[in-house]
Amino acid sequence: DAKTTQPPSMDCAEGRAANLPCNHSTISGNEYVYWYRQIHSQGPQYIIHGLKNNETNEMASLIITEDRKSSTLILPHATLRDTAVYYCIVRKRDTGRRALTFGSGTRLQVQP
Amino acid sequence: NAGVTQTPKFQVLKTGQSMTLQCAQDMNHEYMSWYRQDPGMGLRLIHYSVGAGITDQGEVPNGYNVSRSTTEDFPLRLLSAAPSQTSVYFCASSYGNEQYFGPGTRLTVT
């Protein structure tokens, strides 16, 4: 799996968009970008994933650059409940279902 | 669906004791795994299973055993607890891209 780099922490005002960057400059053509988050003391929660096109679901949007070397997770209207550690993970989509490798992530603090 | 359930939520053991952490899922997922998370750290894979009767080691398997006799259950056994095994343990299951995690078991070994 390609290595990812994320800022250790970010702040965001409640109601504003939270933009969380991830660098994955060594990503290969068949590797996907996944985002998970972990709210304090809870199990990680899947958010979204993508290959090369931008993706959106009810939780967030994922913007992947054209060269795929970086991506941004966007929470459009952050709430206090979005305070969590956000993990960007790059991995192949294979049927072996290998485990996720969690790095240190970005700690997002949503401020009231 | 209950999703992924784990028991117990909290456990305190003395050094040398053994115990089993239970994990069950009702989503008929073939893939299940166990992670540990130490304070301020990311998750590390202990063992995983790609289906009933099949298990394999992850990144930090020493001191732990697993078995997978049914699709639903994937217990984790601590053979002889050590203080270094004090951690929060998460079980997960998946089918496809998304992994679903349980609420965790907080284990303290004194």
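The values are calculated or read from the model by the stated rules, or taken from the named source; none is laboratory data. Given the structure is predicted, the values throughout are model-derived calculations rather than measurements. Ideal geometry is used to build each Cβ from the backbone, glycine not excepted, and the neighbour counts take in all protein chains shown.
Structure above, values below:
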quantity	calculated
Count of the stretch B:67-108 residues which are hydrophobic (A, V, I, L, M, F, W, C) and either within 30 Å of residue A:49 (Cα to Cα) or within 14 Å of another protein chain (Cβ to nearest Cβ) (or both)	8
Test result for residue B:73, out of contact with any Leu (no Cβ under 9 Å at 6 or more places or on another chain), of a type in the set (D, E, K, R) and modelled with pLDDT under 95	no
Of the criteria (1) assigned to a loop (DSSP other than H, G, I, E, B); (2) in contact with a Gly (Cβ under 8 Å, 6 or more places away or on another chain); (3) more than 8 Å from every other protein chain (Cβ to nearest Cβ), which one residue B:34 fails	(1)
Near pairs, Cβ below 8 angstrom, 6+ apart or cross-chain, from the stretch B:42-64 (away from chain A (no Cβ under 11 Å)) to any residue that is in a strand (DSSP E or B) and acidic (Asp, Glu)	none
Members of the stretch A:60-86 found to be of a type in the set (Asp, Glu) and buried (at least 16 other Cβ atoms within 10 Å of the Cβ), listed by number	A:82
Matching strands (runs of 3 or more DSSP E) fully within the stretch B:64-110 where at least 3 residues are farther than 26 Å from residue B:16 by Cα	B:87-94, B:99-101
Output for the stretch B:59-87, where each listed residue is under 23 Å from residue A:87 (Cβ atoms) and surrounded by 20 or more Cβ atoms within 10 Å (Cβ to Cβ)	B:74, B:76, B:87
